[in-house]
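Okay, so here's the structure we're looking at.
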Amino acid sequence: EAGVTQFPSHSVIEKGQTVTLRCDPISGHDNLYWYRRVMGKEIKFLLHFVKESKQDESGMPNNRFLAERTGGTYSTLKVQPAELEDSGVYFCASSQEVGRKYFGPGTRLTVL
Amino acid sequence: AQRVTQPEKLLSVFKGAPVELKCNYSYSGSPELFWYVQYSRQRLQLLLRHISRESIKGFTADLNKGETSFHLKKPFAQEEDSAMYYCALVTGTYKYIFGTGTRLKVLA
């Protein structure tokens, strides 16, 4: 089966620009998560979708981040406007059951 | 507070030597813990979970509630074990709390 896919794999933008990251979960997985690893720090939870609903968005750092999952399939995470501290690797994961998650390869975001 | 601590950023061992990657947690509920591994240029993948009590690739981890630990062990390290290892705690809302990770380097 195809795993979780993320696009793009790497994005380099300037401060103030907008970037949209995409995640396609494993087909049939209702749960979709976004995580982020900022350089030198731990991987941190951003938010959790169950189908198209936001179950938990307690990890979203501020209102410059907007996540959507229209139709309960793929998800997008938009950063607008991007700041230097947003640089890092953004991971998406999906799961059907509680606990075990399948991770995507990540999107490396560099804000200059 | 919910927290996962991996005290070692880097652990270097020689091939054939025993390995122990430390993980301590802080959680008021009943913990569910995982070890994930990320090999070079690959995605994060599940290595093992404590409820399965299984051994994967020779690795084992036992949950010690008294010491709030979930250390990962392998009796004889192999070069292909070199990777980044993350300990993770899953909370009641299903989100993971990760440790900062330990890079394991197995030297020939």
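The values are calculated or read from the model by the stated rules, or taken from the named source; none is laboratory data. Owing to the predicted nature of the structure, the values given are computational and were not obtained by experimental measurement. Ideal geometry is used to build each Cβ from the backbone, glycine not excepted, and the neighbour counts take in all protein chains shown. For accessibility, only protein heavy atoms count, side chains too; no ligands or nucleic acids. Shrake-Rupley method; radii C 1.70, N 1.55, O 1.52, S 1.80 Å.
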Residue check, residue B:73 in contact with a Phe, Trp or Tyr (Cβ under 8 Å, 6 or more places away or on another chain), farther than 25 Å from residue A:58 by Cα and of a type in the set (Lys, Arg): yes
The conditions are (1) small (Gly, Ala, Ser); (2) open to solvent by 20 Å² or more (accessible area, probe 1.4 Å); (3) more than 12 Å from the chain's Cα centre (by Cα), and residue A:59 fails exactly one of them. Which is it? (3)
Filter result (hydrophobic (A, V, I, L, M, F, W, C) and exposed (fewer than 15 other Cβ atoms within 10 Å of the Cβ)) within region A:74-91: A:84
Go through the residues of region B:93-102 one by one and say whether even a single one is surrounded by fewer than 15 Cβ atoms within 10 Å (Cβ to Cβ) and either out of contact with any Asp or Glu (no Cβ under 6 Å at 6 or more places or on another chain) or farther than 23 Å from residue A:97 by Cβ (or both). no
Look at residue A:10 and say whether it is under 23 Å from residue B:98 (Cβ atoms) and either open to solvent by 30 Å² or more (accessible area, probe 1.4 Å) or β-branched (Val, Ile, Thr) (or both). yes
Six or more apart or on different chains, Cβ under 6 Å: which pairs go from a residue in region B:59-80 that's free of Cβ contacts under 8 Å to residues at least 40 places away in the same chain to one that's open to solvent by 50 Å² or more (accessible area, probe 1.4 Å)? Could you list them? B:60/B:73
Region B:10-69, subset of a type in the set (Val, Ile, Thr) and either open to solvent by less than 20 Å² (accessible area, probe 1.4 Å) or under 18 Å from residue B:84 (Cβ atoms) (or both), residue nearest to the other protein chains (Cβ to nearest Cβ): B:37
Within region A:13-47, which residues are over 16 Å from residue B:97 (Cβ atoms) and basic (Lys, Arg)? A:15, A:22
Mind listing whichever residues of region B:70-92 are more than 13 Å from the chain's Cα centre (by Cα) and either crowded, with 19+ Cβ neighbours inside 10 Å or of a type in the set (A, V, I, L, M) (or both)? B:77, B:90
With a cut-off of at least 2 residues that are more than 10 Å from chain B (Cβ to nearest Cβ), touching a residue at least 60 places away in the same chain (Cβ under 8 Å) and within 24 Å of residue B:85 (Cβ to Cβ), name the strands (runs of 3 or more DSSP E) lying wholly within region A:15-112. A:88-95, A:107-111
